[in-house]
1. Could you count how many residues in segment 113-130 are open to solvent by less than 40 Å² (accessible area, probe 1.4 Å) and under 14 Å from the mean Cα position of the chain (by Cα)?
2. When you scan segment 32-73, how many residues do you find that are part of a helix (DSSP H, G or I) and either open to solvent by less than 20 Å² (accessible area, probe 1.4 Å) or in contact with a His (Cβ under 7 Å, 6 or more places away or on another chain) (or both)?
3. If you go through segment 172-184, how many residues are among the β-branched types (V, I, T) and part of a loop (DSSP other than H, G, I, E, B)?
4. Which residues, taken from segment 74-91, are in a strand (DSSP E or B) and β-branched (V, I, T)?
5. Which of the residues spanning segment 92-106 are out of contact with any Phe, Trp or Tyr (no Cβ under 7 Å at 6 or more places or on another chain) and outside any strand (DSSP E or B)?
6. Among (1) exposed (fewer than 15 other Cβ atoms within 10 Å of the Cβ); (2) more than 26 Å from E61 (Cα to Cα); (3) at pLDDT 95 or above, which single condition is T180 missing?
7. Within segment 85-106, is there a residue that is open to solvent by less than 50 Å² (accessible area, probe 1.4 Å), among the basic types (K, R) and within 10 Å of the chain's Cα centre (by Cα)?
8. Which one is farthest from E76 (Cα to Cα), of the residues in segment 115-127 that are in contact (Cβ under 8 Å) with a residue 40 or more places away in the chain and out of contact with any Ser or Thr (no Cβ under 7 Å at 6 or more places or on another chain)?
Amino acid sequence: MSAQDRVNPSADGIAASARAATGKGLPPVHLWNPPFCGDLDMRIARDGTWFYLGTPIGRFELVKLFSSILRKDGDEYFLVTPVEKVGITVDDAPFVATDFDVEGEGAAQVLTFKTHVGDSAVASADNPIRVTRDPETGEPSPYILIRANLEALIDRKSFYRLVECGAHHEDWFGVWSKGTFFKIIPSAELPD
(Lines give C-alpha, C1' and ligand atoms only; values in the text may rest on other atoms or scores of the structure.)
Protein backbone atom coordinates (compact mmCIF):
# COMPACT_ATOMS: atom_id res chain seq x y z
CA MET A 1 0.00 0.00 0.00
CA SER A 2 1.48 3.36 -1.00
CA ALA A 3 1.61 6.35 1.32
CA GLN A 4 -1.17 7.96 -0.75
CA ASP A 5 -3.46 4.94 -0.26
CA ARG A 6 -2.81 4.55 3.46
CA VAL A 7 -5.82 5.16 5.68
CA ASN A 8 -5.33 7.03 8.94
CA PRO A 9 -7.95 5.58 11.28
CA SER A 10 -10.00 7.89 13.44
CA ALA A 11 -12.85 7.34 15.87
CA ASP A 12 -15.13 9.50 13.69
CA GLY A 13 -14.30 7.48 10.58
CA ILE A 14 -14.84 4.16 12.36
CA ALA A 15 -18.13 5.42 13.81
CA ALA A 16 -19.35 6.56 10.37
CA SER A 17 -18.44 3.18 8.83
CA ALA A 18 -20.09 1.33 11.71
CA ARG A 19 -23.30 3.36 11.38
CA ALA A 20 -23.40 2.62 7.65
CA ALA A 21 -22.89 -1.12 8.23
CA THR A 22 -25.18 -1.54 11.22
CA GLY A 23 -28.79 -2.59 10.69
CA LYS A 24 -30.95 -4.35 13.21
CA GLY A 25 -29.02 -6.52 15.62
CA LEU A 26 -25.28 -6.95 15.74
CA PRO A 27 -23.32 -6.54 12.52
CA PRO A 28 -21.61 -9.71 11.17
CA VAL A 29 -18.06 -8.63 12.09
CA HIS A 30 -16.95 -12.27 12.00
CA LEU A 31 -17.63 -12.29 8.24
CA TRP A 32 -15.71 -9.10 7.45
CA ASN A 33 -12.04 -9.27 6.49
CA PRO A 34 -10.98 -5.69 5.72
CA PRO A 35 -7.34 -4.58 5.67
CA PHE A 36 -5.66 -3.74 8.96
CA CYS A 37 -5.35 0.05 9.12
CA GLY A 38 -3.26 0.40 12.27
CA ASP A 39 -3.94 0.96 15.94
CA LEU A 40 -6.34 3.54 17.26
CA ASP A 41 -5.64 5.33 20.55
CA MET A 42 -8.72 3.76 22.11
CA ARG A 43 -8.79 1.79 25.36
CA ILE A 44 -11.39 -0.06 27.38
CA ALA A 45 -10.57 0.11 31.10
CA ARG A 46 -11.27 -2.76 33.50
CA ASP A 47 -14.38 -0.95 34.76
CA GLY A 48 -15.81 -0.81 31.21
CA THR A 49 -15.03 2.85 30.54
CA TRP A 50 -14.06 3.53 26.92
CA PHE A 51 -11.32 6.12 26.31
CA TYR A 52 -10.32 7.86 23.07
CA LEU A 53 -7.08 9.84 23.02
CA GLY A 54 -6.95 9.48 26.82
CA THR A 55 -10.40 11.00 27.38
CA PRO A 56 -13.47 8.99 28.47
CA ILE A 57 -16.10 8.65 25.77
CA GLY A 58 -19.14 10.18 27.46
CA ARG A 59 -21.80 9.35 24.89
CA PHE A 60 -23.41 5.98 25.64
CA GLU A 61 -24.72 5.69 22.08
CA LEU A 62 -21.16 5.97 20.69
CA VAL A 63 -19.80 3.38 23.15
CA LYS A 64 -22.67 1.05 22.24
CA LEU A 65 -21.93 1.55 18.54
CA PHE A 66 -18.23 0.80 18.98
CA SER A 67 -19.00 -2.24 21.14
CA SER A 68 -21.18 -3.63 18.34
CA ILE A 69 -18.20 -3.78 15.94
CA LEU A 70 -15.71 -5.16 18.45
CA ARG A 71 -13.94 -8.40 17.60
CA LYS A 72 -11.23 -10.45 19.30
CA ASP A 73 -8.73 -12.30 17.13
CA GLY A 74 -6.32 -14.34 19.22
CA ASP A 75 -5.36 -12.10 22.14
CA GLU A 76 -5.93 -8.83 20.29
CA TYR A 77 -9.02 -6.63 20.03
CA PHE A 78 -10.18 -4.77 16.94
CA LEU A 79 -12.96 -2.50 15.77
CA VAL A 80 -14.03 -3.94 12.42
CA THR A 81 -16.16 -2.47 9.64
CA PRO A 82 -16.56 -3.76 6.09
CA VAL A 83 -13.74 -1.42 4.95
CA GLU A 84 -11.29 -1.15 7.86
CA LYS A 85 -9.91 -2.94 10.91
CA VAL A 86 -8.16 -1.05 13.71
CA GLY A 87 -6.53 -2.32 16.88
CA ILE A 88 -7.59 -1.08 20.30
CA THR A 89 -6.40 -1.80 23.85
CA VAL A 90 -8.53 -3.71 26.36
CA ASP A 91 -7.24 -3.75 29.95
CA ASP A 92 -9.15 -6.87 31.03
CA ALA A 93 -12.46 -7.82 29.42
CA PRO A 94 -14.26 -5.53 26.97
CA PHE A 95 -17.58 -5.72 28.82
CA VAL A 96 -18.76 -5.57 32.42
CA ALA A 97 -21.73 -7.67 33.55
CA THR A 98 -23.57 -5.30 35.85
CA ASP A 99 -26.59 -7.42 36.75
CA PHE A 100 -28.32 -10.74 36.18
CA ASP A 101 -31.72 -12.36 36.53
CA VAL A 102 -32.36 -15.77 38.07
CA GLU A 103 -35.14 -18.14 37.07
CA GLY A 104 -35.67 -21.58 38.59
CA GLU A 105 -33.54 -23.50 41.08
CA GLY A 106 -30.81 -26.14 41.18
CA ALA A 107 -29.71 -27.63 37.86
CA ALA A 108 -32.80 -26.07 36.21
CA GLN A 109 -31.68 -22.58 37.25
CA VAL A 110 -31.15 -20.06 34.41
CA LEU A 111 -28.91 -17.03 34.87
CA THR A 112 -29.27 -14.18 32.36
CA PHE A 113 -26.54 -11.53 32.55
CA LYS A 114 -26.75 -7.91 31.35
CA THR A 115 -23.74 -5.79 30.40
CA HIS A 116 -23.01 -2.10 30.75
CA VAL A 117 -23.56 -1.65 26.99
CA GLY A 118 -26.94 -3.37 26.88
CA ASP A 119 -25.95 -6.87 25.74
CA SER A 120 -27.34 -9.93 27.48
CA ALA A 121 -26.31 -13.57 27.63
CA VAL A 122 -27.71 -16.67 29.31
CA ALA A 123 -24.99 -18.59 31.14
CA SER A 124 -24.83 -21.97 29.40
CA ALA A 125 -22.42 -24.37 27.71
CA ASP A 126 -22.31 -21.83 24.84
CA ASN A 127 -21.83 -18.84 27.15
CA PRO A 128 -19.78 -20.22 30.05
CA ILE A 129 -18.88 -18.56 33.31
CA ARG A 130 -15.24 -18.88 34.33
CA VAL A 131 -13.45 -17.69 37.43
CA THR A 132 -9.73 -16.97 37.64
CA ARG A 133 -7.96 -16.30 40.91
CA ASP A 134 -5.04 -13.99 41.55
CA PRO A 135 -2.13 -16.30 42.43
CA GLU A 136 -0.89 -13.98 45.19
CA THR A 137 -4.11 -12.76 46.82
CA GLY A 138 -6.56 -15.50 45.79
CA GLU A 139 -9.04 -12.77 44.76
CA PRO A 140 -11.49 -14.10 42.17
CA SER A 141 -12.15 -12.51 38.79
CA PRO A 142 -15.38 -13.95 37.34
CA TYR A 143 -16.25 -13.70 33.64
CA ILE A 144 -19.07 -14.73 31.32
CA LEU A 145 -18.76 -15.14 27.57
CA ILE A 146 -21.10 -12.64 25.93
CA ARG A 147 -20.48 -13.32 22.24
CA ALA A 148 -17.80 -14.63 19.87
CA ASN A 149 -14.69 -14.57 22.11
CA LEU A 150 -15.84 -11.44 23.97
CA GLU A 151 -16.23 -11.75 27.73
CA ALA A 152 -17.69 -9.57 30.43
CA LEU A 153 -16.09 -9.20 33.83
CA ILE A 154 -18.86 -9.86 36.36
CA ASP A 155 -18.92 -6.86 38.69
CA ARG A 156 -18.43 -7.31 42.43
CA LYS A 157 -22.06 -6.84 43.53
CA SER A 158 -23.24 -9.32 40.89
CA PHE A 159 -20.55 -11.81 41.90
CA TYR A 160 -21.72 -11.63 45.53
CA ARG A 161 -25.28 -12.29 44.35
CA LEU A 162 -23.99 -15.13 42.17
CA VAL A 163 -22.35 -16.76 45.18
CA GLU A 164 -25.71 -16.62 46.98
CA CYS A 165 -27.12 -18.77 44.12
CA GLY A 166 -24.26 -21.24 44.51
CA ALA A 167 -24.25 -24.92 45.37
CA HIS A 168 -21.78 -27.73 45.96
CA HIS A 169 -21.33 -30.30 43.20
CA GLU A 170 -18.60 -32.95 42.86
CA ASP A 171 -16.25 -31.29 45.39
CA TRP A 172 -16.73 -27.83 43.90
CA PHE A 173 -18.73 -24.77 44.89
CA GLY A 174 -20.27 -23.05 41.88
CA VAL A 175 -23.48 -22.17 40.11
CA TRP A 176 -25.90 -23.95 37.80
CA SER A 177 -27.39 -22.42 34.68
CA LYS A 178 -29.22 -24.19 31.85
CA GLY A 179 -28.09 -27.58 33.15
CA THR A 180 -24.37 -26.72 33.24
CA PHE A 181 -22.40 -26.39 36.47
CA PHE A 182 -19.82 -23.60 36.56
CA LYS A 183 -17.03 -24.04 39.09
CA ILE A 184 -16.07 -21.13 41.33
CA ILE A 185 -13.85 -22.62 44.04
CA PRO A 186 -13.04 -26.09 45.36
CA SER A 187 -15.40 -26.88 48.24
CA ALA A 188 -12.43 -27.78 50.47
CA GLU A 189 -11.10 -24.21 50.20
CA LEU A 190 -14.25 -22.64 51.60
CA PRO A 191 -14.28 -21.72 55.28
CA ASP A 192 -16.54 -23.87 57.49
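1. 8
2. Qualifying residue count for the region: 4.
3. Final tally of qualifying residues: 0.
4. Across segment 74-91, the qualifying residues are V80, V86, I88, T89, V90.
5. Residues satisfying the conditions are D92, G104, E105.
6. Of everything listed in (1) exposed (fewer than 15 other Cβ atoms within 10 Å of the Cβ); (2) more than 26 Å from E61 (Cα to Cα); (3) at pLDDT 95 or above, T180 misses just condition (1).
7. The answer is no, given that none of the residues of segment 85-106 is open to solvent by less than 50 Å² (accessible area, probe 1.4 Å), among the basic types (K, R) and within 10 Å of the chain's Cα centre (by Cα).
8. Selected residue: G118.
The values are calculated or read from the model by the stated rules, or taken from the named source; none is laboratory data. The shown structure was predicted, so the numbers you read here are calculated from the model rather than taken from an experiment. Quick reminder, even Gly has a Cβ in these numbers, built from the backbone with ideal geometry, and neighbours come from all protein chains shown. Note: areas computed on protein heavy atoms with side chains; ligands, DNA, RNA excluded. Shrake-Rupley method; radii C 1.70, N 1.55, O 1.52, S 1.80 Å.
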